[in-house]
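Participant: Here's a structure for you.
The values are calculated or read from the model by the stated rules, or taken from the named source; none is laboratory data. What you are looking at is a predicted structure, and each value in this text was computed from that prediction instead of being measured. Glycine gets a Cβ as well: all are built from the backbone with ideal geometry, and neighbour counts include every protein chain shown. Surface accessibility is based on the protein's heavy atoms, side chains included, excluding ligands, DNA and RNA. Shrake-Rupley method; radii C 1.70, N 1.55, O 1.52, S 1.80 Å.
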Amino acid sequence: MNRLLPSSGPPLPAVVLGVDLTIAHHEGLRRSLRSAFGTNTRAINMRIDPGMDLIFLCEATLPGTLPCLTELTRPGISAVWLREARLEWSPDPNYPIGRGTPTLGALDTGSCFLTANNQKVPVAAFSSRQIHTTHIGMELLGQPNLLEFLRADWFTLEVSGTNRRRLTRPLAFTAILSFEVETSPDLPA
């Protein structure tokens, strides 16, 4: 959906937020311990939910005072809309991609959420058709005004979803959100 900015001045620059996240591998969920009944915990967990290792959750709690969000403190800002959301992974040049290397290609589906002031809003999602080894372009979910989320003292960015296969090592990547800033036509920018 295209929005026209008021003609009272030049359009404001996009606000770009880049957040480093890590999906931990899930070995700890299924430790192989003997229970009082002689059955190991891993076997019990496998019977209850064999897909437990295929669920991931990673999040970061961030201050609303980040330098990249300074533009949002100007007077006259009336709305902030998500323009683009993507995930990027950079391979380590010292370790070539090989068997067991965790890449974004290990993911299957996912969603991105912002949480602030006890409110949580889904902002973007991806499915298997958008996943590449080093990047994922996410589809935007509606166009909520995110100004109050990003102006909060603290807000949380969450990426969660499912893997195609169990991760054997942590997967570190960057979530990049680009926002469009809108000013109110009756307030000075």
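Participant: With a cut-off of at least 1 residues that are at pLDDT below 95, name the strands (runs of 3 or more DSSP E) lying wholly within the stretch 111-189.
Facilitator: 154-163, 171-183
Participant: Going by what's in this entry, would residue 65 be described as under 28 Å from the mean Cα position of the chain (by Cα), under 20 Å from residue 115 (Cα atoms), open to solvent by 40 Å² or more (accessible area, probe 1.4 Å) and modelled with pLDDT of 90 or more?
Facilitator: Considered against the rule, which asks whether it is under 28 Å from the mean Cα position of the chain (by Cα), under 20 Å from residue 115 (Cα atoms), open to solvent by 40 Å² or more (accessible area, probe 1.4 Å) and modelled with pLDDT of 90 or more, residue 65 comes out as yes.
Participant: Same structure, new question: When you scan the stretch 84-110, how many residues do you find that are modelled with pLDDT under 95, aliphatic (A, V, I, L, M) and either open to solvent by 70 Å² or more (accessible area, probe 1.4 Å) or under 21 Å from residue 180 (Cβ atoms) (or both)?
Facilitator: Total meeting the criteria: 1.
Participant: Could I ask something else about it? Suppose the filter is open to solvent by less than 40 Å² (accessible area, probe 1.4 Å), touching a Cys at 6+ places or on another chain (Cβ under 6 Å) and within 30 Å of residue 76 (Cα to Cα); does residue 124 pass it?
Facilitator: The answer is yes for residue 124.
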